[in-house]
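The next block holds one structure in the form of structure tokens; read it before the comments.
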Amino acid sequence: MIRSVFADEEIPFEVLKRFGLSQEMIEDLPQNVLSGIRDGRRSPVLPICYTCEDGTQVHDRARFSLVRNEETNEVKVMFYPKQTRVTLDMFNDAEQALLREGKAIIGTMTTKDGRDVQAFHQLDADTLQVLSVPTPVIGNNLQVLADHFQLSAAELTCLKNGEPLTIADEKEEVTFGIDLNDPKGFRHCMGNTQKWKEQAGQTMDTYTFGIFGCWVKDDAGDLNYVPEDEYTETMWEAQKRIGMSRASAHKM
């Protein structure tokens, strides 16, 4: 049985609440998103709100993830704010083109102690941040994956070059690819490359109804939370349609 990295009772809801994300809002996210957060993945881009020292209230958007202090075992929240523009000046034109396609590339990064090391880089299209992880970390995880599925050298090279790889596993297709939003550095899904790419964005429907409220995706793709007592007539109608559709599916 695969266990989540973080238990529900470890989620620091009091910290999230200070940034405008109540426990009800988090628990109303889809189960696959919640499972990803418990496994250490970054959340979708969500609306956050916080108060500065001068009393100014700031509304922003960010991903978040849970991180554990290995010495104290304390679980904290790490935020990844959405940038207003992408900065790729450190990469050449060819590398920038690959990054904009969502592919991982290998280049140089400077560590906290000032050393230059080789690293995988990948653009998070939803936050416009460049994610960077040293190559030995991802390389080791990819080698474990290659050993388990008996991948050829060419297939492993394909992955390291930032291309998703689809293989047949017990008559089912499974696709792997580098995704630096995942704590392992790569992500897999059942299905082909297109399915893998669709899963990358943790896409949510226009209306995701939960117990306490609903996550609504607007025309720009941004998510906003609406408590149940603020539902519009359109939302009540959508909830009814979704309920009828699910009931019909259960009868089949």
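The values are calculated or read from the model by the stated rules, or taken from the named source; none is laboratory data. Keep in mind the model is a prediction, meaning the values are calculated, not measured. Positions of Cβ are generated from backbone atoms using ideal geometry, with glycine treated the same way; all protein chains shown enter the neighbour counts. Each accessible area value is taken on the protein alone, full model and side chains, heavy atoms only, with ligands, DNA and RNA left out. Shrake-Rupley method; radii C 1.70, N 1.55, O 1.52, S 1.80 Å.
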Options 163, 155; residue that is in contact (Cβ under 8 Å) with a residue 40 or more places away in the chain and within 20 Å of residue 105 (Cβ to Cβ): 163
Counted residues in the stretch 116-160 being within 30 Å of residue 61 (Cβ to Cβ) and of a type in the set (S, T, N, Q) come to 5
Condition set open to solvent by 30 Å² or more (accessible area, probe 1.4 Å) and in contact with a strand residue (DSSP E or B) (Cβ under 6 Å, 6 or more places away or on another chain), scope the stretch 1-27, selection nearest to residue 204 (Cα to Cα): answer is 20
Quick check: is even one residue across the stretch 28-45 over 17 Å from the mean Cα position of the chain (by Cα), open to solvent by 80 Å² or more (accessible area, probe 1.4 Å) and free of Cβ contacts under 8 Å to residues at least 60 places away in the same chain? no
Test: residue in the stretch 58-70 that is assigned to a loop (DSSP other than H, G, I, E, B), closer than 25 Å to residue 182 by Cβ and free of Cβ contacts under 8 Å to residues at least 60 places away in the same chain: yes
Could you look through the stretch 159-186, keep only residues that are among the hydrophobic types (A, V, I, L, M, F, W, C) and within 30 Å of residue 82 (Cα to Cα), and pick out the one that is nearest to the chain's Cα centre (by Cα)? 180
